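Just below is one structure, and these are the notes that go with it.
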Amino acid sequence: APAGAVGAWLAFATLYYGFPQPNTALAKLNVVLPWASKLGRGFEYALDIAARDPLVVLVFVLASALVLRRGVSRPARGLQLGAVSYFAYLTIIGGDFMSGRFFTAIYLVSVLVLVEVCGELLAAPRVAVAVAVPLGLAAALVFFGEGGAPKRTECHVPITGVVNERACYAEHTALAHNLASAKWRTHGYLADFKKALAREQNGVVAFELVGMAAYGGDRKVHIVERFALSDPL
């Protein structure tokens, strides 16, 4: 079934996009760097999330260790093996420039595995464990994570090049900042897009950063994304 699902998606992607892989695979995986340099950057990416959100790494390591115990179900082991393989691949290709971006899937899978394994070890009701473990981890993030949304834009680029992109946008896009008023409407991306749109007469505008800018136009506007990074779906 998993192989069939993957095959169906690749066939659809080839038909819909013209290529089975996303555009970013061509743009980001063809960088010519020595293998050792990529590996070093990959470790830097892992160390970055360990410093910013150590709970993510702790949950990943704990889940990976617990699935080695006897009696752990094959699905749980398979899921965590996928997370470990994903981490290895991420390290080999050199990580990413967005802090924590590609650890989201690893963290989610590790939490699901912990729910399964804790239920087996404690012989507790599945529903109780499925509620208690995620809630406990969510509460722990308050103490181990970086805290609440920044009050102002802080887009510092460290020597590693791994940036806390959340801090770059949270001032305008965080939920807490938009409850009282639509703070996102004041972001510079929207102002730039509206200027570009005003210069066009046919309702078609070439622009980048369409994730936010698209909200600045109505449904009759068509946006051509210059970097070809957007998902047509």
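The values are calculated or read from the model by the stated rules, or taken from the named source; none is laboratory data. Not measured: the values here are computed from a predicted model. Cβ coordinates were reconstructed from backbone atoms using ideal geometry, including for glycine residues, and neighbour counts include every protein chain displayed. For accessibility, only protein heavy atoms count, side chains too; no ligands or nucleic acids. Shrake-Rupley method; radii C 1.70, N 1.55, O 1.52, S 1.80 Å.
When the range 58-73 is filtered for residues that are surrounded by fewer than 19 Cβ atoms within 10 Å (Cβ to Cβ) and either hydrophobic (A, V, I, L, M, F, W, C) or modelled with pLDDT under 90 (or both), the ones remaining, listed by number, are Leu58, Val61, Leu62, Ala65, Leu68, Arg69, Arg70, Gly71, Val72, Ser73.
Go through the range 106-157 and give me each residue that's touching a His at 6+ places or on another chain (Cβ under 8 Å) and modelled with pLDDT of 75 or more. Hit for the range 106-157 is Thr153, nothing else. Screening the candidates Ala206, Ala176, Ala167 for the property of being loosely packed, with under 12 Cβ neighbours inside 10 Å, assigned to a helix (DSSP H, G or I) and not polar (S, T, N, Q) yields one hit, Ala176. Gly94 meets each of the listed conditions (1) part of a helix (DSSP H, G or I); (2) in contact with a Lys or Arg (Cβ under 9 Å, 6 or more places away or on another chain); (3) not hydrophobic (A, V, I, L, M, F, W, C) apart from (1).
Residue pairs whose Cβ atoms lie under 7 Å apart, separated by 6 or more positions or on different chains, with the first residue in the range 167-184 and of a type in the set (Asp, Glu) and the second open to solvent by 70 Å² or more (accessible area, probe 1.4 Å), are Glu171/Lys151; Glu171/Arg152. When Phe103, Phe97 are checked against the criterion of being within 22 Å of the chain's Cα centre (by Cα), of a type in the set (Phe, Trp, Tyr) and either at pLDDT below 85 or open to solvent by less than 40 Å² (accessible area, probe 1.4 Å) (or both), Phe103 stands alone in meeting it. When the range 30-46 is filtered for residues that are charged (D, E, K, R) and open to solvent by 60 Å² or more (accessible area, probe 1.4 Å), the ones remaining, listed by number, are Arg41, Glu44. Of the residues making up the range 9-29, those that are more than 25 Å from Phe97 (Cα to Cα), without any contact (Cβ under 8 Å) to a residue 60 or more places away in the chain and surrounded by fewer than 12 Cβ atoms within 10 Å (Cβ to Cβ) are Trp9, Ala11, Phe12, Leu15, Gly18. Counting only helices (runs of 4 or more DSSP H) that sit completely within the range 1-72, zero hold 3 or more residues that are among the polar types (S, T, N, Q).
To keep it simple, each residue is scored yes or no on (1) under 30 Å from Gly40 (Cβ atoms); (2) among the basic types (Lys, Arg); (3) not in a loop (DSSP other than H, G, I, E, B).
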residue	(1), (2), (3)
Thr160	yes, no, no
Gly211	no, no, yes
Ala214	no, no, yes
Asp218	no, no, no
